[in-house]
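To keep things clear, I will list the structure first and then write my remarks on it.
Just so it is clear, none of the values below were taken in a lab; they were calculated from the coordinates. Computed from a prediction, not measured in an experiment: that's the story for all the values here. No Cβ is skipped: glycine too gets one built from the backbone with ideal geometry, and neighbour counts run over all protein chains shown.
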């Protein structure tokens, strides 16, 4: 009985501890020595401390986004984020577009890989009001998070289900095959053309990925080298040598296949609404066809331009959702 | 033997052995020491008498012979001893002056830390048959023994609240001019890895004016703010120790910092600061230590100031601010009525404060808010005891996000342990310490132009006086190791702010520089 009575006192007189536990952070717990049973009298004396507790200190004015909206952390510029424009990174744009398609209300926040829990963007920080708290959600768990309907507080995605982007079960194999075209053929050619074509690296990758991180030229040089090395390593994982011609032909064939798949339909797999697959295609076609980006080596986008329906698909989504 | 035989032999031997072990040996050593001291004193006195009776004897230093400096450049030694030679003086020395000058030169050699100490010095008269000598000439002989030029050390180290294992390679007198090359690699509890290389050389043969350059690469975990900081950078600095005491350091630092490997529960404030930033700054540090013992002071004053200017104007980089920090500690012996001489009881007070003032970067007109890397942290066993590491100041969730302004003070009463001598490195302490760590307030106006920042800084400083500081008090035991001070304290927080993390009960601290 006395134990129960003392518990609320602890919470009331020790707001520091209280705040800690309510923040749900377990990390500092082990540093507290394994608790022996403290005699009741000692405990009661301890509970009197601190004798006085003031309001919390103000947080530093940082670049933090508003905390009552879902925030998707992506590669983007401050201006683009404010205007809600598309991210320039295919991996980020895929999810940005998908969440838009799903009708989720969110803001984009410029960020970088260091900030991500998984080491890669994008990730989503749910609004403070939702029950999942502020634990970040990496892109791999976004679909499930949407499905679980844990977005209370902010606007719920409307009409979920119909536009899931997932084809019926018998089409699953086809879906996977086309997805692998995107994830391998197109992605590899894109990695090559963006990072390993020196002219494109200078006109596109450097201003988008390197320059925003730091103003120091030595650090920029190091980051550039790291980026190119990473792209090269990624390509060498799948082939013994890096042959530009093979990569471009691969992506051209992939575009052709996708174009055939889309046919005269508005969206892939004859869906009524764009889904994840549309988002995945749009992620690449948008950055390639973006007029504000000056590609110096244009082989890949010229290949893409041959397929009018893919170009129209991109324009349709851009107009409708961005 | 009065003792019963039963408990006999063993006990006696034991007793004998114990006595031999502890007291007798100690006494013997003490006696030997005293004898040695007396002998040295006598010799000193005899020499003193000899010199003082001849102190006004005019003399000229014609030659200084330096023996045993195999690896030292003659030109470098000339820089120290040439000015002493009478040929370079406009008036003759008296013997006392001459000895004084030479010993100043020798003390410079001592400071270089490349020769074994002490350096034996002898004075002779040159051969009078030598036609080039005059009757007043004396020759000086210095017998140097060089210290080993390469020193490799491995070991474990304790610093301010962290433990590490290190490998250290030291190259002494590398180019024969007292230059030092220092290579250091360490793996530790908080500093996951740190590599450092530095080169240090006296300027113009002056051991009190040194120039140092170096580079570092390190990776440090900051669990109190859910991230890891990776540093790569370099510095160059001029270190000057004027004769009156104190030491100055003028430095340029260039560091590329990465806030990376965030914990899963990292707060939005930390996430927003994740990534790269380059700090390019100039700084000045001045310190003067007049305490009798830096780890267990009983009297004296320690003062230190730091000024840093980053990113301003031509400095470039990604962050721009001016930073000022002051630190002071004073110690007073406390007399006890009825006790003659040193009581071992002392009262120390410490004060630290700092301000980080944002500046516009380069030619921009607005300043950017400070970053987690640059903001101050406060709390923990080496500053405000009775709080967790970085337990004071603004917290976003569980992350100590740091502040732009801090002030902390401490009052400690140290007294010797009963039945333990006051010369032993143990003390009991009773302390009260507290502090505030504040983020710069948001200015009322829009934007961050200089007028708004100034306003914000003023209102933040005035906030320091709003309410009591966060305070804790306690009792503890101090043990001063040769290189660091260890404390075991029992403390309770008295005043807190919400989010701040006090620590009730026992805490252990180890540090070099404690508040």
Handout entry: Relative contact order of the stretch A:250-304, pairs being alpha-carbon contacts under 8 Å that are 6 or more residues apart, as %
Key = 35
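Could you please rank A:147, B:279, A:273, placing first whichever residue has the fewest other Cβ atoms within 10 Å of its Cβ?
Starting with the residue having the fewest Cβ neighbours, the order is A:147, A:273, B:279.
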Completion exercise
In terms of the alpha carbon gyration tensor, root eigenvalues a ≥ b ≥ c, rounded if a/c is under 1.5 and otherwise prolate when a/b exceeds b/c or oblate, the stretch B:148-213 is prolate
Handout entry: Inter-probe distance in nm under a simple model that places probes 7 Å from Cα toward Cβ, at residue B:57 and residue B:41
Key = 2.7
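Out of the DSSP beta bridges found with both residues in the stretch B:22-143, what percent are antiparallel (nearest 5)? Don't skip to the answer; put the middle values down first.
Details: 6 of 13 bridges.
Of all bridge pairs located within the stretch B:22-143, approximately 45 percent are antiparallel.
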Handout entry: Which of A:173, B:514 has the fewest Cβ neighbours within 10 Å, and the rest in rising order
Key = A:173, B:514
Practice task
State whether chain B is rounded, prolate or oblate according to the following rule on the C-alpha gyration tensor (a ≥ b ≥ c being the square roots of its eigenvalues): a/c under 1.5 gives rounded; otherwise a/b larger than b/c gives prolate, and the remaining case gives oblate.
Solution key: oblate
Practice task
Using DSSP, restrict attention to beta bridges with both residues in chain B and report what percent are antiparallel, rounded to the nearest 5.
Solution key: 95
Exercise for the section: At 7 Å along the Cα-to-beta-carbon direction for both residue A:291 and residue B:65, put a label point, then send me their distance in nm to one decimal. Expected result: 9.3
Problem - Enclosed volume per residue, in Å³, of the convex hull spanned by Cα atoms of the stretch B:104-201 - result: 127
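Volume per residue, Å³, of the convex hull around the alpha-carbon atoms of the stretch A:169-321?
Spread over its residues, the Cα hull of the stretch A:169-321 gives 125 Å³ apiece.
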Practice task
With a Förster radius of 51 Å, plug the Cβ-Cβ distance of residue B:299 and residue B:131 into 1/(1 + (r/R0)^6) and report the FRET value to the nearest 0.05.
Solution key: 0.30
Exercise for the section: Consider all pairwise Cα distances in the stretch B:22-143 and report the whole-number % of them above 23 Å. Expected result: 44
Handout entry: Cα pair distances in the protein assembly as shown, grouped into 10 Å bins until the bin that holds the longest one, percent each
Key = 2, 9, 16, 18, 16, 14, 11, 7, 4, 2, 1, 0
Completion exercise
Fewest to most Cβ atoms within 10 Å: A:315, B:101 sort as A:315, B:101
Handout entry: Shape box of the stretch B:273-398 [Cα atoms, principal axes, largest first, Å]
Key = 67, 36, 19
Problem - Space enclosed by the convex hull of the alpha-carbon atoms of the stretch B:246-295, per residue, Å³ - result: 140
Exercise for the section: Please give the FRET efficiency for residue A:273 paired with residue B:461, using the beta carbon to beta carbon distance and R0 = 51 Å, rounded to the nearest 0.05. Expected result: 0.35
Problem - Mean separation of Cα contacts under 8 Å, 6 or more apart, over the residue count of chain B: relative contact order % - result: 8
Problem - Where labels lie 7 Å past Cα in the beta-carbon direction, separation of residue A:67 and residue B:413 in nm - result: 4.3
Exercise for the section: Compute the relative contact order of the stretch B:379-438 as a whole-number percentage, counting only Cα pairs closer than 8 Å that sit 6 or more residues apart in sequence. Expected result: 34
Completion exercise
Quick calc, residue A:242 & residue B:193: beta-carbon distance into FRET formula, R0 35 Å, rounding 0.05, result 0.60
Practice task
Place a label point 7 angstrom from the Cα of residue B:141 along the Cα-to-Cβ direction, then list the residues of the stretch B:55-71 whose backbone nitrogen is under 16 Å away.
Solution key: B:62-69
